[in-house]
1. Here are some residues: A:Leu247, A:Leu270, A:Leu220. Which one is among the aliphatic types (A, V, I, L, M) and in contact with a Phe, Trp or Tyr (Cβ under 6 Å, 6 or more places away or on another chain)?
2. Could you identify the single residue in B:Val134, B:Val165 that is closer than 15 Å to B:Glu89 by Cβ, in contact (Cβ under 8 Å) with a residue 24 or more places away in the chain and within 17 Å of the chain's Cα centre (by Cα)?
3. If you check B:Asn8, B:Asn51, which single one turns out to be at pLDDT below 60, open to solvent by 90 Å² or more (accessible area, probe 1.4 Å) and not in a helix (DSSP H, G or I)?
4. If I ask for residues that are within 12 Å of chain B (Cβ to nearest Cβ), closer than 23 Å to A:Arg134 by Cα and among the hydrophobic types (A, V, I, L, M, F, W, C), which ones from segment A:6-53 would you list?
5. Restricting segment A:238-280 to residues that are among the acidic types (Asp, Glu) and more than 22 Å from A:Tyr114 (Cβ to Cβ), which is nearest to the chain's Cα centre (by Cα)?
6. Being part of a loop (DSSP other than H, G, I, E, B) and in contact (Cβ under 8 Å) with a residue 24 or more places away in the chain is the requirement here; does A:Ile336 meet it?
7. Suppose the filter is part of a loop (DSSP other than H, G, I, E, B), open to solvent by less than 50 Å² (accessible area, probe 1.4 Å) and out of contact with any Ser or Thr (no Cβ under 7 Å at 6 or more places or on another chain); does A:Asn368 pass it?
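The values are calculated or read from the model by the stated rules, or taken from the named source; none is laboratory data. Everything quoted here is computed from the prediction, not taken from an experiment. Every residue, glycine among them, receives a Cβ derived from its backbone with ideal geometry; neighbour counts consider all protein chains shown. When the accessible area is computed, the model is the full protein with side chains, heavy atoms only, and any ligands, DNA or RNA have been set aside. Shrake-Rupley method; radii C 1.70, N 1.55, O 1.52, S 1.80 Å.
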Amino acid sequence: MYRYLAKRFSPPSQLFLVHPLQLSRFLETAWTAATEVPVLGQNQRTRELGSATVIGDFAMPLNLLLSDFDPGIDPADPNSFKPTPPSQPPDPTQPPLLWDHMVYAYLIESTGIYEIIAAILGRIVRGETLGKLRPETLQWARATEELLFRDSPLFSVAGIESRVRPDIRIARRNAYWRMFGLDLPHSLPPSSAAGNAQPPWKLDVGAGANTMFVARWNELLTQIWTGYENKVNRVGANATDAEYVALLCLAIDDMLGNRRQGGLLAREELSYVAALSWCHLTVEEDTPLVEDLQATATNPAERLAKLGERVGMAPAPRSRELFELAEPMSALLWGIELGLFNPGQAPESLYLPDAVNDPPTKLNIEVNRIIDLWQSATGTRIKIPGATTYGLPATRPPAQPLRTPAPGPAAMTAPAAAPTVAAATSSNGSRS
Amino acid sequence: MPSSKSSNPGPGQDKRPPDSAIDAELAVRLVAALEQLGVVFAPDRGKDDRNLFGGTVDPVRARASRDYEVLRGMLGRADAPTPLRMRRERSFSRGEPAVEEQDAGQRDAGQRDFSDNRVEVLDPVPLSASYAIVESLGDGSTSAVTEKVDLRPGDRTPTLHLRDVRAALPISRVEIFDNKHKLVAFGPSFDPLSQPHYQPSGGR
């Protein structure tokens, strides 16, 4: 969200100079603008959010938005307020867009960036141990504290914190657990950790957690790689099964859709993705903070590691892969949730170009990259070598299991099984 | 046993092969036959999916890849098509007459081709933009409609006057392509335009 907006500034770090009130209002307009996203496939609009009416259900009335909540952001002058002309669409700074998928927030937070930024911010506002900082860095600190570490403005669509869910860290972990059956690889800071036997973000979730997501996802990537390997195979045995790829996509689509019924988690997704995109933007280039703390580097993971050193923290060992995986995996999961690869659509487009012997499409390239990054980040081998020594049996596992994929485990009524799965998946992103 | 090999010519003799004369009519027929062979064996690259130059495009796959490109553009990815702000309105909403164009066939038939709505592009289109495709999924009474609108070179904020996609139909997407049919930009979806309110002109 904020990274998208930052692209309109030159340099993008100028976004940190915009008043946080305007940035907060930007989320409000971005929510409203989601009604104008182009219709993809043969779907209803905003089908991927679990409801065709979710935007209108929670959006501020347009007249109120324009009269009292106009962000008025002017990329040419970050310190100004430029009111929207009445004849313009709701948001003068943004074309219609969709925010990133929840998996983007999960992957970026898995690097440990949120906790490192919290520690840096704490040092900035409580003392002078980080040395002399430029005014731009202090403006970043003010905006970060307002946007990430304080309750959102009253009645804001991104206002997630309340007395019912007072800790945003736990709220985010709750969403990750429900959507992907995944925990963050690092533990909660002591101030947030409760003394319950069960992690607080799993309370009241019941069976509503996609504990089979990782298994289905790994299986999908394996099948796609099989198709990728065999795309020019015309003579030998070809284990590619496009219909099975489609069934796996449908299973993941159903699985995630079950968590979104009626528009559940849509506001949370907007809020969490925006927060983590702010963190991502902070290390995406040599921003004033990075320069002031002598953390300049050539990629976000290196910058984050250097920033962490200043406050005695280390990011996840596979941060580089997690940063690079976040964007393409977000797009692919949206594509799956839009039903682009379901049965009857075009599952082959994941691994085949538009025409035989054409160069690979952007989708083909990106899916291959996702496979590389996912197996590197998680340690799960997807690209199993297919070539074997002549005369010896192949090491490839069976092409597909007997049963067609289902969105969840057969017995969905046993919440006691959840902690076991959590233990099995909580190491994601932290393997060395 | 007679040998088929020619005997070694003696020194001083001409080594060039003897000139051979060919009948002019035969030559013409031979050339025609060779040309015919050339035509017969010319590769049909569009239909041969084994060739190295690209085969027939699978429309379903191409559509899915294009949808994915639009999705990446919506998320603001680098090197993705550019999302553009657009506005849809009735062609006469600002007191202008509806655009009216006729081609020869329609003129003969006495039909008029009105544009009752238009899409105004608010952000500059990419310099390479060549034409726009406006898609509507239709409504309960109409199936999907697709309309191509050519863009005038140099017009960075064009207005698309729509004829096939009527005002009462929703627009699912506006796509802008370059002259190599590459998707370079896209616009939002639009709801059907509401019926205009006509004021009675003082009648009793």
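1. Going through A:Leu247, A:Leu270, A:Leu220 in turn, the sole match is A:Leu270.
2. Step by step, each of B:Val134, B:Val165 is checked, and only B:Val134 is closer than 15 Å to B:Glu89 by Cβ, in contact (Cβ under 8 Å) with a residue 24 or more places away in the chain and within 17 Å of the chain's Cα centre (by Cα).
3. B:Asn8
4. A:Ala6
5. Checking each candidate, the answer is A:Asp253.
6. no
7. Numbers: part of a loop (DSSP other than H, G, I, E, B): no; open to solvent by less than 50 Å² (accessible area, probe 1.4 Å): yes; out of contact with any Ser or Thr (no Cβ under 7 Å at 6 or more places or on another chain): yes.
So A:Asn368 fails the test.
The rows are residues; the columns are (1) farther than 13 Å from B:Tyr68 by Cβ; (2) away from chain B (no Cβ under 14 Å); (3) modelled with pLDDT of 90 or more; (4) not in a loop (DSSP other than H, G, I, E, B).
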{"site": "A:Pro328", "(1), (2), (3), (4)": "no, no, yes, yes"}
{"site": "A:Gln345", "(1), (2), (3), (4)": "no, no, no, no"}
{"site": "A:Ser349", "(1), (2), (3), (4)": "no, no, yes, yes"}
{"site": "A:Leu363", "(1), (2), (3), (4)": "no, no, yes, yes"}
{"site": "A:Gly386", "(1), (2), (3), (4)": "yes, yes, no, no"}
{"site": "A:Pro393", "(1), (2), (3), (4)": "yes, yes, no, no"}
{"site": "A:Gln400", "(1), (2), (3), (4)": "yes, yes, no, no"}
{"site": "A:Thr404", "(1), (2), (3), (4)": "yes, yes, no, no"}
